[in-house]
1. It is to be established whether one or more residues within the stretch 57-74 are at positive phi and either at pLDDT 90 or above or touching a Pro at 6+ places or on another chain (Cβ under 6 Å) (or both).
2. Need the failing condition index for Lys153 against (1) closer than 30 Å to Gln115 by Cα; (2) touching a residue at least 24 places away in the same chain (Cβ under 8 Å); (3) surrounded by fewer than 18 Cβ atoms within 10 Å (Cβ to Cβ), just the number.
3. Of these, Ile114, Ile78, which one is in a strand (DSSP E or B), at pLDDT 85 or above and β-branched (Val, Ile, Thr)?
4. Kindly check whether there is at least one residue in the stretch 92-101 that is part of a helix (DSSP H, G or I), modelled with pLDDT under 85 and hydroxyl-bearing (Ser, Thr, Tyr).
5. Quick one: which of Ile141, Ile191, Ile213, Ile174 is of a type outside the set (Phe, Trp, Tyr), within 27 Å of the chain's Cα centre (by Cα), over 30 Å from Phe47 (Cβ atoms) and open to solvent by less than 80 Å² (accessible area, probe 1.4 Å)?
6. So, in the stretch 134-150, exactly how many residues are out of contact with any strand residue (DSSP E or B) (no Cβ under 7 Å at 6 or more places or on another chain), without any contact (Cβ under 8 Å) to a residue 12 or more places away in the chain and farther than 20 Å from Leu178 by Cβ?
7. Taking the options Leu7, Leu13, Leu51, Leu39, name whichever one is surrounded by 19 or more Cβ atoms within 10 Å (Cβ to Cβ), modelled with pLDDT of 90 or more and over 30 Å from Leu148 (Cα atoms).
8. All but one of (1) more than 25 Å from Leu111 (Cβ to Cβ); (2) open to solvent by 30 Å² or more (accessible area, probe 1.4 Å) hold for Gly66, so report the exception by its number.
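The values are calculated or read from the model by the stated rules, or taken from the named source; none is laboratory data. Because the structure is a prediction, the values reported are computed rather than measured. Cβ atoms come from the backbone with ideal geometry, glycine included; neighbour counts cover every protein chain shown. Quick note on the areas: whole protein, heavy atoms, side chains included, nothing else; ligands and nucleic acids left out. Shrake-Rupley method; radii C 1.70, N 1.55, O 1.52, S 1.80 Å.
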Amino acid sequence: MSIKILLLEDDLLFGETLADLLEEEGYEVLHYPNGQDALDATYDTKFDIYLLDINVPLIDGVSLLGDLRSAQDETPAIFLTSHKEKEMLHRGFISGCDDFLTKPFDNAELLFRIQALMKRTRIKEAECIGELCHDKLHKCIYYNKTVLELSKKEYELLALLMNHVNSPVPKELIYEELWTTADGGGSDGAIRVYINRLKQLLPTMCIENIRGIGYKLVS
């Protein structure tokens with residue numbers, strides 16, 4: 001699942017340039033030129049991160065973020081602004097921002113900050129078993145703070161094992177969760193392939209073969 005970014009920027013050319021940069025990195029970007037449109041968008045769309053200019057029409061970035069935080073919206077936010085005054089920086093952090101970048105900024109620095117902020121946020125929100133963390137909202141699993149590159153069935157199998165940690169997961173349940181009738185059903189051989197792949201990805205975790213029953217993830 002791609003990370004969805006709300007970009008609030010009234011300089012249309014600069015905003016389009018930023019949107020192009022982020023989309024090339026695999027992010028999904030929705031760009032708004034004023035605070036009211038951005039606020040309206042948050043009612044219909046769940047964003048993963050906000051990139052907010054401050055001096056924009058209708059609702060400024062600081063007020064917008066303050067309103068969102070008052071509504072219990074904890075989406076990570078970075079201000080992108082030409083302001084350098086300490087008072088404005090203070091207002092920004094009081095309103096609930098997580099980071100600040102002063103224009104002009106290096107594009108690589110913006111990307112690094114987005115990556116760092118998303119990693120901190122997702123791991124914080126995830127359900128963890130030792131070094132293994134499951135972010136159910138974004139359907140990804142971390143190992144040692146790094147997202148595992150999993151196929152759909154590998155993800156579903158590992159999530160199932162995590163949901164039943166320290167308890168045997170019967171093969172029948174694995175079949176029900178991973179395959180539909182339209183798929184033609186699974187096989188013991190296919191399950192073994194996925195289990196072996198997970199064992200390679202999780203060298204410090206133990207996945208036991210419970211003979212005649214299924215598999216168990218041991219914490």
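1. Checking the stretch 57-74: at least one residue is at positive phi and either at pLDDT 90 or above or touching a Pro at 6+ places or on another chain (Cβ under 6 Å) (or both).
2. (3)
3. The conditions single out Ile78.
4. yes
5. Ile174
6. 1
7. Leu39
8. (2)
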